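Report on the following structure.
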Amino acid sequence: MGELTFTVIGVFRERVETFGLSDISETSVIIPFTLMKYYTGIEVARLLDVQAARAEDVPAVERQVGQLLRRPASGRSEYKCNR
């Protein structure tokens, strides 16, 4: 990835058809947030993809992630959910 070398530990594949609306593409690389922060020095994530084990778990997972994102951090946090 650029001048950095990483070891591939897995390949992401959508479980359902997204009709081209996925944020993940063939050129996407998924790395831990802490690693991104280490290399870039930036503490901002513009996109956070979250997966629920079952469709019926989505509302609960959405609520829990929303609670985590709303915790006081810098006072500048914004949260928007797109299903």
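Just a few scattered comments:
- Heavy-atom accessible area order for Asp57, Asp49, largest first, 1.4 Å probe: Asp49, Asp57
- Additional length obtainable on full extension of the chain from Arg46 to Ser25, 0.36 nm per residue less Cα span: 6.0 nm
The values are calculated or read from the model by the stated rules, or taken from the named source; none is laboratory data. Keep in mind that this is a model prediction, so the values were computed, not measured. To get the accessible areas, we keep the full protein, side chains included, count just its heavy atoms, and leave off ligands, DNA and RNA. Shrake-Rupley method; radii C 1.70, N 1.55, O 1.52, S 1.80 Å.
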